[in-house]
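Comments concern the structure below.
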Amino acid sequence: MSKATNDFEIAGRVSKREVNWEQLLHTAIESSSHGLCVFDGRSRLVIGNEQHRCLYSLTSSEVSPGRSVEDLLKGRHARVVAAMENVQSAGYLAAIQRGEEFQTTYELQNGSFIELDMHPMSDGGFVERHRDVTELRLAELRAEAARQELIEKQYAIDQAVIVAITDVRGTITYANDRFCEISGYNREELVGNNHRLLKSGLHAPEIFRQMYRRLAKGGVWRGELCNRAKSGELYWVDTVITPQLGSNGKPVAYMAIRVDITARKKAEAQVYYAARHDALTGLLNRAALLEDLLNRLAHAKASEQELIVYLLDLDGFKWVNDTLGHAAGDALLKQLSRRLKSVASDGDLIARLGGDEFAIVQFSSGEAREQAKRLAITLLEIVAIPFSFEAQDVSVGVSIGLAFAPLHGSTASELLYKADLALYRVKAEGRNGYRFFEEEMHRNAQSRNRLVNELRESVARGDFELHYQPIFDAKTLQPSVMEALVRWRHPSQGLLYPDRFIGIAEETGLIEPLGRWILRQACADAASWRKGVKVAVNLSPEQFRGPALFDVVLRTLLETGMSPDRLEFEVTESMLLQEKEENLLLFRQLKNIGISIALDDFGVGYASIGSVVSFPFDKVKIDRSFTRDVVNKPASRTVVASIMTLARGLGVQVTAEGIETRDQLEYLRSQGVDLVQGYLLGRPAPAALSECISVSLVERAL
Ligand code: C2E
Ligand code: CA
Ligand code: CA
């Protein structure tokens, strides 16, 4: 029952007691918290309370008794913004006329809301109750706005995230549109099914055990999971699962909110892939190999398995790059990586460590050495098959070093180091083969390291000597050239020969300062010799790298006062293989100032004929090995004969080196060689002695 009715009942009861009801009615009406107006049967105001006047901010005269309802409506409507029900004065008046109840809400210009109830009375009059419903109305509006916001948020959530609710056993009870969309299942297929339906199989069961442990305790789980869609495609979701707890505090359902992160995961995977793989061949790179090898080692240890590490280094790859260009080199590396994959087993790691260096790591499945040997031989075979580049065949070889875990080491770097030592040995023994690591290699490497350090110190101090070996005119047997041969005055091992340290000096770059020392010393020594005798200085291929050589030579000549036409350089063919153009230029520069150049060890290298033709040599030195066999091996005679023919054709002088017997000397002289050298005629000796000793030796020998 409405409050207005109550107010009138009070008024009614008062009148029955026959007191001054008019007075009481007045008091009752005035004390009401609502605005009240009473109209008589002719719709004229009998009484309107103060509250009513205040609600609408009406003046006393606007609400004086006797005013018509129309007047009042006019006054009120002047303050109204809008009526909630589309109330026209006409509609209200009609209701009054018909004696029907009427209700509406006004929004006033001052922002308040007034609810109007009209109740007809039996005498044809009526009562209006005006109630301030501003608070109520605002609360309603707020609730409506909140509801609207919720709907919008829900919509946004549904657009952005995947929502699923499951019961405690994982049966899906709710799936939003996004869930259906991303999983490819329709709602009927999802709801009622277990969430396992979407399992990708990518995660370890432990992840899910952890998840359920956490959820069962009422905790929230968050993580990145991979799910499988109906199509079989995988998608990644960042997942937050919240348990909904029942009255006993135990979960009754789980709500999962997931965000699709497949694109991010893909991008991450691409970055990860690029960081771990060699761009050219697609094989693992060095960093990835080290990382994976670490895992394999742990696994091998746990399962008591052996690991085999193969380290491969191509032989002759640099030659391919230098002569055929980098495109050829790249093509070869790609073809090689395919061949490696074809012979390796599924789980093997195959990596390109850089340049022409590769590694394979595999678990042993039985006798490790036998297995390693088999694959090593296969590797040698597959590399031996020529590679093709622009319809031409390109051949390289491969050297393979092998190490085993746990036998040779338990860390990745130790195993690679040891396989590298084995590889180094293969290279030293002539390449294109394989070797297992042996402890002795390690000891060797250590003593080599010691030697490198000592050499470095010695180069800084100049602990070297030059010995000179004479080269004679074959006809007159007069000394023509003195070849400088370096010796190392080692602090503890005495005098060391070049085969012990020149290779190390070349590998470590020490050949450059050492070479400068040799050149200066040779020039300084020769400056004091008889004018007719030249000095020959051996140059390592490494000394040709960079443009500095010519400057060094010029400076040395100036500083020692040596005449350039008394200086001869001996170079080997290997030097001719690299940067041909630059070397040719350097050759011309040297020759232009009067220096002569001899091609050393001729006949044993690759590029023999071609290089003699295209480089302006003054001399070739027939290699010792031909001299040795020239008396009794027809093949060596053939080589000597063809070298003579070639040299005469080009107008180049020929030196025969390594002459130890008179027979060799006589034969070579008879073949017309221009110059002769060897122990028979003179051994290398310190500068002060060499000239007189050599002359006397020659006299004695002949
Ligand atoms: P190489 O330039 O072919 O020098 C000739 C080598 O043969 C010298 O050995 C010499 O002592 C040796 N020899 C000379 N006559 C005979 C002979 O009748 N019979 C035999 N069996 N050997 C003979 P050495 O001094 O031990 O030098 C070895 C190599 O070390 C040289 O071969 C050269 O390649 C290199 N080398 C020597 N000195 C220098 C140098 O100052 N700079 C550079 N870069 N390399 C050098
Ligand atoms: Ca030489
Ligand atoms: Ca030689």
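What's the total number of residues in region 33-56 that are free of Cβ contacts under 8 Å to residues at least 40 places away in the same chain and buried (at least 19 other Cβ atoms within 10 Å of the Cβ)? Looking only at that region, the number is 3. Filtering region 463-518 to residues that are within 14 Å of ligand 2 (Cβ to nearest atom), open to solvent by less than 50 Å² (accessible area, probe 1.4 Å) and assigned to a helix (DSSP H, G or I) leaves P498, I502, G515, I518. Residue check: is T59 among the β-branched types (V, I, T), open to solvent by 50 Å² or more (accessible area, probe 1.4 Å) and either modelled with pLDDT of 85 or more or out of contact with any helix residue (DSSP H, G or I) (no Cβ under 6 Å at 6 or more places or on another chain) (or both)? It is true that T59 is among the β-branched types (V, I, T), open to solvent by 50 Å² or more (accessible area, probe 1.4 Å) and either modelled with pLDDT of 85 or more or out of contact with any helix residue (DSSP H, G or I) (no Cβ under 6 Å at 6 or more places or on another chain) (or both). Pairs please, first residue from region 124-145 and free of Cβ contacts under 8 Å to residues at least 40 places away in the same chain, second anywhere and open to solvent by less than 70 Å² (accessible area, probe 1.4 Å), Cβ atoms under 6 Å, 6+ apart in sequence or on different chains. Taking only residues 6 or more apart or on different chains, the pairs are V133/F113; V133/E115; T134/S112; T134/F113; R137/F113.
Annotation: of all residues in region 522-550 being farther than 30 Å from Y424 by Cα and within 16 Å of ligand 2 (Cβ to nearest atom), the one that is most open to solvent (accessible area, probe 1.4 Å) is K534. Applying the condition of being open to solvent by 20 Å² or more (accessible area, probe 1.4 Å) and within 20 Å of G678 (Cα to Cα) to region 646-663 and asking which residue is nearest to ligand 2 (Cβ to nearest atom) yields Q653.
If you go through region 209-237 and keep only what is open to solvent by 50 Å² or more (accessible area, probe 1.4 Å) and more than 16 Å from E181 (Cβ to Cβ), you end up with R209, Q210, Y212, R213, R214, A216, K217, V220, R222, E224. When region 586-603 is filtered for residues that are aliphatic (A, V, I, L, M) and either within 16 Å of ligand 3 (Cβ to nearest atom) or assigned to a helix (DSSP H, G or I) (or both), the ones remaining, listed by number, are L586, L590, I597, A598, L599.
Annotation note: Cβ proximity below 7 Å between a residue of region 362-379 that is free of Cβ contacts under 8 Å to residues at least 12 places away in the same chain and a residue that is part of a helix (DSSP H, G or I) (sequence gap 6+ or interchain) occurs for S365/Q371. Within region 619-633, if we keep just the residues that are part of a helix (DSSP H, G or I) and of a type outside the set (V, I, T), the residue that is nearest to ligand 3 (Cβ to nearest atom) turns out to be R624.
So that you can scan it fast, the table gives a plain yes or no per residue for (1) open to solvent by 30 Å² or more (accessible area, probe 1.4 Å); (2) part of a loop (DSSP other than H, G, I, E, B); (3) not assigned by TED's automatic domain parsing to the domain that holds N432:
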| site | (1), (2), (3) |
| --- | --- |
| L293 | no, no, no |
| R296 | yes, no, no |
| H299 | yes, no, no |
| L312 | no, no, no |
| K318 | yes, no, no |
| D346 | yes, yes, no |
| R352 | yes, no, no |
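Look at region 498-509: where a residue is within 13 Å of L485 (Cα to Cα) and a partner is of a type outside the set (D, E) and part of a helix (DSSP H, G or I), sitting 6+ places away or on another chain with Cβ atoms under 6 Å, you get F501/L455.
Suppose the filter is within 9 Å of ligand 1 (Cβ to nearest atom), closer than 25 Å to E657 by Cα and buried (at least 19 other Cβ atoms within 10 Å of the Cβ); does L567 pass it? Taking the combined requirement at face value, the residue does not satisfy it. Just so you know, in region 604-618 the residues that are more than 19 Å from S540 (Cβ to Cβ) and either open to solvent by 40 Å² or more (accessible area, probe 1.4 Å) or modelled with pLDDT of 80 or more (or both) include one that is nearest to ligand 3 (Cβ to nearest atom), and it is D618. Taken together, the criteria place Y417 among residues that are under 28 Å from the mean Cα position of the chain (by Cα), assigned by TED's automatic domain parsing to the domain that holds E306 and without any contact (Cβ under 8 Å) to a residue 40 or more places away in the chain.
The values are calculated or read from the model by the stated rules, or taken from the named source; none is laboratory data. Fair warning: this is a prediction, and the values are worked out from it, not measured in the lab. Cβ coordinates were reconstructed from backbone atoms using ideal geometry, including for glycine residues, and neighbour counts include every protein chain displayed. SASA here: full protein model, heavy atoms, side chains in, ligands and nucleic acids out. Shrake-Rupley method; radii C 1.70, N 1.55, O 1.52, S 1.80 Å.
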